[in-house]
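Okay, structure first, notes after.
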Amino acid sequence: MFDISRRKLVLSASATAALGLSGPMELLRPAAANGEGDKGYLAYKIGDIDCISVYDGIWQRDHDEDFIRNASVDETKAALSKAGISPDFVPIEFAQTVVKSGGKTLLIDAGTGGQLAPTAGSTLENLVAAGIDPASIDTVAISHFHPDHIFGLMAKDTNEQIFPDAEIKLPEKEYNFWTDPGLIEKLPDNRKGLAKRIQATFPNWENVTLTGEDTEIAPGVKSVAAYGHTPGHTAYHVSSGNDQLLVVGDIANVPALFLANPTWQAVFDQDPEAATRTRIELLERAITDNAVIAGSHFGFPNAGRVTKDGSGYVFEPITG
Ligand SMILES: [Zn+2]
């Protein structure tokens, strides 16, 4: 199905140690997936704070009528075409944000861990390429517990921690939802495995801290309640001088679809009405505050500016 040439990269000894491995390890990454060029990392500044957009990969999702509750496949294809994107599939890209502030390195969300799509899983390699030894990451803050945001914390098959020495900051509301012992039987079948994996890992990890709303995560970085996509979905606000960055996780998926049409409801939104309200509220806040905004599925780089366009919004990526 995929025709991907692969490049190899050998991790440094310290990065290997960070992964809990005894010897050098080769990671495979899809090169030029989807013919979109060599995406890796892009550094930018928010005031005095160094930020980096780190690419994980892409899921070329087949169209189906269930993907958007209130839009048809034809409307979806038309929106992609209008944005100059191939309508052959939905290009769901994954990217993370690194924030270096006050001598601390913070990673916001952990990516797919190479456990979701064969064309995704490049976060560790791209961290190394950006000059960040994974072992040097002090804190990993998570927006919500969907696989493309937390599987990068846990090794495939063994669940061994990928960042054993980092403090893992999890939104308390999200944690309480997913670790409720009665949850699994209430969930649809396609979410039971995720809940079981969460319950088998996070409660047993000693480096986990639960965080509330409006809590300082790192110097200049605070949590922002952004509920709807999931019960505890959390954004992060970075501030330095007059500059601001809103790391908004999954308040919106592919911009060509859900910024252009902010009332469209992706199947991933657990509470579609609340997710829509949160989406519009944070997009408006970014415009009002002239903040840079970074979405997990905004492509690469995943940070940029949002402007109003009729009843929708347009995302314009930064250039570094
Ligand atoms: Zn996501």
- prompt: Taking the Cα centre of the stretch 64-143 as the origin, how large is its charge dipole in debye, to the nearest 20, when only Lys and Arg (+1) and Asp and Glu (-1) carry charge on their Cβ atoms?
  reply: 360
message: Taking 25 Å as the cut-off for C-alpha to C-alpha distance, list the pairs among Lys77/Lys196; Lys82/Lys308; Lys169/Lys308; Lys100/Lys222; Lys100/Lys156; Lys169/Lys192 that go past it.
response: Lys77/Lys196; Lys169/Lys308; Lys100/Lys156
field: the stretch 55-117: GluC sites (Glu not before Pro) falling in loop per DSSP and having at most 12 other Cβ within 10 Å
entry: Glu65
- prompt: Using a simple charge model, +1 on the beta-carbon of Lys and Arg, -1 on the beta-carbon of Asp and Glu, nothing else, what dipole does the chain show about its Cα centre, in debye to the nearest 20?
  reply: 300
message: Defining a contact as two alpha carbons under 8 Å apart and six or more residues distant in sequence, what relative contact order in percent does the chain show?
response: 17
message: Can you show me the helix-derived [θ] at 222 nm for the chain, built from DSSP H runs with n ≥ 4 at -39,500 (n - 2.57) apiece and divided by the number of residues, rounded to the nearest 500.
response: -6000 deg cm²/dmol
statement: Between the alpha carbon centres of the stretch 39-96 and the stretch 219-250 the gap in Å comes to 20
message: Using each residue's phi in the stretch 41-55, evaluate 6.51 cos²θ - 1.76 cosθ + 1.60 at θ = phi - 60° and report the 3J(HN,Hα) Karplus result to the nearest Hz, with x for Gly and Pro.
response: 8, 9, 8, 8, 10, 10, x, 8, 8, 7, 10, 9, 8, 10, 7
- line: Expected sort for Trp205, Trp178 with the fewest Cβ neighbours (10 Å cutoff) up front is Trp205, Trp178
Whole-number D in µm²/s for the stretch 6-317 (Stokes-Einstein; Kirkwood sum over Cα pairs; 37 °C, 0.692 mPa s): 168
field: Nitroxide proxy distance, nm - points 7 Å out along Cα→Cβ at Thr179 and Asp48
entry: 3.6
statement: For the stretch 267-320, listing trypsin sites (Lys or Arg not before Pro) in a DSSP loop whose Cβ sees at most 12 other Cβ atoms within 10 Å gives none
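Using just the alpha carbons, could you tell me how many Å³ per residue the convex hull of the stretch 57-117 encloses? The partial results should precede the final answer.
Details: hull volume 7.6 nm³, N = 61.
Taking the convex hull of the Cα positions in the stretch 57-117, it is 125 Å³ per residue.
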- prompt: In the stretch 139-243, which trypsin sites (Lys or Arg not before Pro) are in a loop and have at most 11 other Cβ atoms within 10 Å, using DSSP for the loop call?
  reply: Lys156
statement: Amide H contacts under 5 Å for Lys169, restricted to residues at least 5 apart in sequence or on another chain and with H modeled in the peptide plane, are Val140, Ala141, Ile142, Thr209
- request: Assuming a ≥ b ≥ c are the square roots of the Cα gyration tensor eigenvalues, decide whether the stretch 207-306 counts as rounded (a/c under 1.5), prolate (otherwise, with a/b larger than b/c) or oblate.
  value: oblate
query: Which whole-Hz couplings ³J(HN,Hα) result when phi for each residue of the stretch 242-247 is put into the Karplus expression 6.51 cos²θ - 1.76 cosθ + 1.60, θ = phi - 60°, listed in order with x for Gly and Pro?
result: 8, 9, 9, 10, 10, 8
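Laboratory data are not the source of any read-out in this text; all were calculated from the coordinates shown. A quick note: this is a predicted structure, and the numbers were derived from the prediction, not measured. Cβ sites come from the backbone with ideal geometry, for glycine too, and all protein chains shown count toward neighbours.
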